[in-house]
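Everything on this sheet refers to the single structure shown next.
The values are calculated or read from the model by the stated rules, or taken from the named source; none is laboratory data. Treat the numbers as computed from the prediction; the structure is a model and nothing was measured. Here the Cβ is made from the backbone with ideal geometry for all residues, glycine too, and neighbour counts use every protein chain on show.
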Amino acid sequence: MSPGPDVDTTLEQVAAVAAEPSDKPKKLSMVVFSGDMDRLFGAFIIATGAAAMGMEVTMFFTFWGLVALRNGTSTGRTLFGKMLNAMTPKMIEKAHPSKFAFFGMGRWMFNKMMHACGVTPLKELRDLAIQLNVKMYGCGMSMDVMEIPQSAFVEGVQDPVGVGFFLSEAQESQITLFI
């Protein structure tokens, strides 16, 4: 079963870039702003597809997208930080779909439907991305604002960076995405 028309179109574009002859490395850079389950699926399907095709892939996770990197550790130093921690998912398996969340029922339902169609679970896609040497970076500013330390991320996530680093990567990339 196909992951969807937008992901299929993007994967076709990635394949076209990967097939072009070039003397410099083929790169894809992606901002992951959303922490929604379906958008994270799209981000990791595209990232792992590009990496499997030999492209260098950089993913820059900011604000709600940071949920994809989290390991389940509680965070927050201040009252607001602790409140934010209590109201947001602490690991990728708890990400909600962008539509039809139904207080957690939507996530359960979509996971069941995806399992029935043989779709790789989101956590496994993220772990595959790490194995394929996809470089994943948390946005240092977002981490500071949301009071999420590097220790709250899974192994394999690079040290935090700023927007200047991402823009430098994006400037050298043939494909740049915002999810």
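Within the range 67-78, identify whether any single residue is of a type outside the set (Val, Ile, Thr), assigned to a helix (DSSP H, G or I) and closer than 22 Å to Ile46 by Cβ, and answer yes or no. Let's see the steps before the verdict.
Of the range 67-78, the ones of a type outside the set (Val, Ile, Thr) are 68-72, 74, 76-77.
Remaining after also requiring assigned to a helix (DSSP H, G or I): 68-69.
From what's left, closer than 22 Å to Ile46 by Cβ: 68-69.
Yes, the conditions are met somewhere in the range 67-78.
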ask   = Taking Ala43 and the conditions (1) modelled with pLDDT under 90; (2) within 18 Å of Phe166 (Cα to Cα); (3) assigned to a helix (DSSP H, G or I), which numbered condition does it fall short on, given that it satisfies the others?
value = (1)
inquiry  = Going through Thr62, Thr78 one at a time, which residue ends up being among the β-branched types (Val, Ile, Thr), modelled with pLDDT of 95 or more, under 14 Å from Met136 (Cα atoms) and out of contact with any Leu (no Cβ under 6 Å at 6 or more places or on another chain)?
reply    = Thr62
ask   = Any residue at all in the range 85-96 that is over 16 Å from Glu124 (Cα atoms) and modelled with pLDDT under 90?
value = yes
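Quick check on Lys99: is it in a loop (DSSP other than H, G, I, E, B), of a type outside the set (A, V, I, L, M) and either farther than 15 Å from Val67 by Cβ or without any contact (Cβ under 8 Å) to a residue 12 or more places away in the chain (or both)?
When the stated conditions are applied, Lys99 passes them.
Considering each residue of the range 15-40, count those that are of a type outside the set (D, E, K, R) and assigned to a loop (DSSP other than H, G, I, E, B), and give that number.
Of the residues in the range 15-40, the ones of a type outside the set (D, E, K, R) are 15-19, 21-22, 25, 28-35, 37, 40.
Next cut, assigned to a loop (DSSP other than H, G, I, E, B) only: 21-22, 25, 33-35.
Looking only at that region, the number is 6.
I want to confirm something. Restricting to the range 4-30 and keeping residues that are closer than 30 Å to Lys112 by Cβ and crowded, with 19+ Cβ neighbours inside 10 Å, which single residue is modelled with the highest pLDDT? Steps first, please.
So the first thing to find is which residues in the range 4-30 are closer than 30 Å to Lys112 by Cβ, and the list is 4-12, 14, 30.
Checking which are crowded, with 19+ Cβ neighbours inside 10 Å leaves us with 10, 14, 30.
Values: Thr10: 73, Val14: 76, Met30: 98.
The residue in question is Met30.
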task = Would you mind stating whether Val57 is out of contact with any helix residue (DSSP H, G or I) (no Cβ under 6 Å at 6 or more places or on another chain) and either at pLDDT 95 or above or assigned to a loop (DSSP other than H, G, I, E, B) (or both)?
result = no
remark   = Scanning the range 133-151 residue by residue, those at negative phi, surrounded by fewer than 16 Cβ atoms within 10 Å (Cβ to Cβ) and not in a helix (DSSP H, G or I) turn out to be Pro149
request  = For the range 102-129, enumerate the residues that are surrounded by 16 or more Cβ atoms within 10 Å (Cβ to Cβ), out of contact with any helix residue (DSSP H, G or I) (no Cβ under 6 Å at 6 or more places or on another chain) and aliphatic (A, V, I, L, M).
outcome  = Met114, Val119
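Looking for whichever is within 14 Å of Phe41 (Cβ to Cβ) and either modelled with pLDDT under 85 or touching a Phe, Trp or Tyr at 6+ places or on another chain (Cβ under 7 Å) (or both) here; the options are Arg126, Arg107. Which one fits?
Working: Arg107 fails: either modelled with pLDDT under 85 or touching a Phe, Trp or Tyr at 6+ places or on another chain (Cβ under 7 Å) (or both).
Sole residue among the options that is within 14 Å of Phe41 (Cβ to Cβ) and either modelled with pLDDT under 85 or touching a Phe, Trp or Tyr at 6+ places or on another chain (Cβ under 7 Å) (or both): Arg126.
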